Amino acid sequence: MKSGLTLLTFFVHILYLTGQETPTPPEGMVYVPAGEFIMGSTYGDPDERPRQIASTKAYFIDKYEVSNSEFAKFDPTFKFPPEKKNNAAVVTWSKADAYAKWAGKRLPTEKEWEKAARGIDGRVFPWGDTYDNTYVVWDQKETRGTSIAKPASPYGCYDMAGSVWEWTSDWYKPYPGNEVPMEQYGETYKVMRGGSNFNNHSFIRTSQRYYVLPEKIHVYPVGIRCVKDID
Amino acid sequence: MFKYSLLPLVSVFIFINHGLLAQKVNEFPKKTDPLYKKVEMFDRLMLGNHWNEGAIMQHVIFPPAGLERPIVGSQADCLDPTSEMLAAYSHKYAITGDPKDRKIANDIFEAILKLEKVTGVEGLVARSFNRTNEPLWHEEVFWYHEWHQSSSMPGYRWLGDLSADKFTSIFYGVGTFWELCADDEYKKKAAGLLDRFIGRVVDNNFKLTDLDGKMTLWGNFCPNLPHQELNSLEMLAALKVTHHITGKERYNAAYHMLIDRYHYDDHQINSKILFPKEWRNVGDDYHAARSLYMIMRLETDPNLLNKYRMNLNRHWYDWKDLEFTWESNIWFLMVYKVLTGEDIFTEEKKQGIKDMWGFERNTREFKIPQKDGSFKLVRSEEERTAAAMIRNYWFGRYYGIIDEKW
């Protein structure tokens, strides 16, 4: 497994260096190339297993979470304090989905979200394997992208660890090969990713999954990061 | 259970529920009353109105919004007042030696055992429970989707997703009960509970895991995962207490593994975030204070004691200037005095102790969800908790900080 992963990393770098043409992303988005990546973990919750090689097509993904003022362009009835116009919007799944469609985009699948957050090398956090408090927007007074060190994910996304949780389009289901019984598996809960300042630090790991009722988020701060297909 | 049925009450409401007779205590102290009288009267209010089969409710909403009995309220933090009242009665019993005080402490401890039994999983402790077959209206209004119907105790529902701060409530409350109040039979029960509860966390690589096997939202003490410095302190304190009480070497081994291999002793020093100043969190300080109180009285290694003292000093940097606006603030200073022996109680601070207060009964409208998806507005009375005040009083009395004549 380990040697396979090393080879995968090597070939992706070679392809990159030999000059694949990169499509120009729309404003506010970054490009994620097609290909395989390491998904899941061996050390996290049981639902993150098995660690696996997954793959995606190429896609664009928002650089930042959707802000309050951005969401209000879609829904003028959406209320927020003026000083929080740049903070991430917190909305239910159906509103997030509707926003994404209105913007000509869609919510990411779990695979797309995880690949955008950790790249191909299976890293624990978007910036690497070592935790640093200053890399995360913890305080709700801070806005998107204002963590001190501002490390981006391998493809240039910000705040994929912390800030608000982010919706995915997927129902909470077991990964292929996962045999851990979970009564929540099925089509009742949607998966949110990325952790938030509301919860503990380890929930900002790139492979962490959490389930939530799509229309009853209660105290969970869940926001939006959209993707766009490449024609 | 209802020990004050003969007390002179301004008014009494009687509700029949599951064969139990519940009486609403309505008599409040005056702000000008001496401290001992205020404590006595808030104690009656807490035991009379907040008692849920031994567990102490943090928030009580009275009928009609409280349904047929006055115990429906937000329940996520019930283990805090439950452990505070358990500690309060343990300290009180240590002073009075009165079997009635010990009986109340025993009953509260039994409720913590019930919080484990209701989950049906050994060592898995619920945040709270309710005797009901149907979901109650407040379940999802005041918390998220973590209520379960009990399979081990038919007719009960319980709230999961235990957190690090409730974990602290358990080892602090049960540890104090074991130390000051429990007889031989209850010492064994207390040791058994901590063995199962802390043992389950150790077995899950220092994570609080829920019924679904996932780590709870605030249940991370794991050496392989990033976690708050405060959690390192809480885990070390829990292991120290559990080793002391059970005598089992595995807890001592776990304690030293976390120190020797993962440096929790260094990590915990920064439990208190001092800067940026707006990140200071007195709520977290409460968990640190309980942990330091338990661990510093048991640790004998001077090097480790020094590191815990460094942690305490960082807290003191903030605590020394705190205003007595919250009962737990007052307790921080008592803990500091007990652990250091420093005479820090100025006349002003002594007056702050004498002025301690519990809660007012308020009336407000509750938006109660209906089965058809609509909401009904119901006006009801509600009460918060005075458990911290009562615990502070008996703690202060036990350590000679509070004079019985105050």
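Since every read-out is calculated from the coordinates, none of them should be taken as a lab result. In this text the structure is predicted, and so the values were computed from the model without any measurement. We place every Cβ from the backbone using ideal geometry, glycine too, and count neighbours over all the protein chains shown.
Measuring from label point to label point, each 7 Å out along Cα→Cβ, what is the B:N281 to B:V378 span in nm?
Each label point lies 7 Å from its Cα, and together they span 3.3 nm.
For the pair A:K216 and B:L298, how long in nm is the line joining their label points, each one 7 Å along Cα→Cβ?
The two pseudo-label positions are separated by 3.9 nm.
Please give the average number of partner chain Cβ atoms lying within 10 Å of the Cβ of each residue in B:203-216, rounded to a whole number.
Mean number of neighbouring Cβ atoms from other chains: 3.
For the range B:282-359 and the range A:180-196, compute the distance between their C-alpha centroids and round to whole Å.
41
Going by average Cβ density within 10 Å per residue, which order do the peptides B:45-54, A:202-211, B:362-371 take, highest to lowest?
Per-residue Cβ counts within 10 Å, averaged per peptide and sorted highest first, yield A:202-211, B:45-54, B:362-371.
Per residue of B:136-143, how many C-beta atoms from partner chains lie within 10 Å of its own C-beta, taken as a mean?
Counting Cβ atoms of other protein chains within 10 Å of each residue's Cβ and averaging gives 1.
Efficiency by 1/(1 + (r/R0)^6): what FRET value for A:D75 and B:E68, r their Cβ-Cβ distance, R0 = 41 Å, to the nearest 0.05?
0.50
Do the alpha carbons of any pairs in B:K240/B:K354; B:K117/B:K248; B:K30/B:K100 sit beyond 28 Å of each other, and which pairs?
Table pairs above 28 Å Cα-Cα are B:K240/B:K354.
Could you compute the net charge surrounding B:S271? Neighbours are other residues with a C-beta less than 13 Å from the C-beta of B:S271; K and R count +1, D and E count -1.
So the environment of B:S271 carries a net charge of -2.
For the protein assembly as shown, what ratio Rg/Rh do Cα atoms give with a Kirkwood hydrodynamic radius?
Using Cα coordinates only, the ratio equals 0.99.
If you take all C-alpha pairs in chain B, what percent of them are over 36 Å apart?
When all Cα pairs of chain B are counted, 23 percent exceed 36 Å.
Normalised by the residues of the range A:2-229, what does the relative contact order come to in percent, with Cα pairs under 8 Å and at least six apart?
Computed over the range A:2-229, the figure is 24 percent.
Give me P(r) over the range A:2-229, computed from all C-alpha to C-alpha distances, binned every 5 Å, as integer percentages.
P(r) over the range A:2-229, rounded to whole percents: 1, 7, 15, 19, 21, 17, 11, 6, 2, 1, 0.
Which whole number gives the average count of other chain Cβ atoms within 10 Å of the Cβ atoms across peptide A:200-213?
Mean shielding count: 4.
What percentages, rounded to whole numbers, describe P(r) for the range B:264-406 computed over all alpha carbon pairs with 10 Å bin width beginning at zero?
10, 33, 27, 16, 10, 4, 0
On full extension of the chain, what length is gained from B:K103 through B:V121, given 0.36 nm per residue of separation minus the C-alpha to C-alpha distance? Could the numbers behind the result be given before it?
On the way: separation 18, 0.36 × 18 = 6.48 nm, distance 2.68 nm.
Between B:K103 and B:V121, full extension yields an extra 3.8 nm.
Starting from the eigenvalues of the Cα gyration tensor, five times each then square-rooted, give me the equivalent ellipsoid semi-axes of the range A:20-121, largest first, whole Å.
The three semi-axes for the range A:20-121 are 29, 18, 12 Å.
Restricting things to Cα coordinates, could you compute the convex hull volume per residue of the range B:70-154 in Å³?
109
State, as an integer percentage, the relative contact order of the range B:32-398 based on alpha-carbon contacts under 8 Å between residues 6 or more apart.
Rounded, it is 20 percent for the range B:32-398.
Fully extended, how many nm does the chain gain between B:S151 and B:R364 (0.36 nm per residue separation, minus their Cα-Cα distance)?
Working: separation 213, 0.36 × 213 = 76.68 nm, distance 3.53 nm.
Gain on extension, B:S151 to B:R364, equals 73.2 nm.
For the range B:182-277, max minus min Cα coordinate along each principal axis, in Å, sorted largest first?
Computed over the range B:182-277, the largest-to-smallest principal extents equal 48, 30, 28 Å.
If you build the Cα gyration tensor of the range B:206-246 and take the root of 5 times each eigenvalue, what three semi-axes come out, in whole angstrom, biggest first?
19, 14, 7
Using packing as a proxy for protection, rank B:295-302, B:212-219, A:97-104 so that the peptide with the highest average count of other Cβ atoms within 10 Å comes first.
Listed from highest to lowest mean packing, they are B:212-219, A:97-104, B:295-302.
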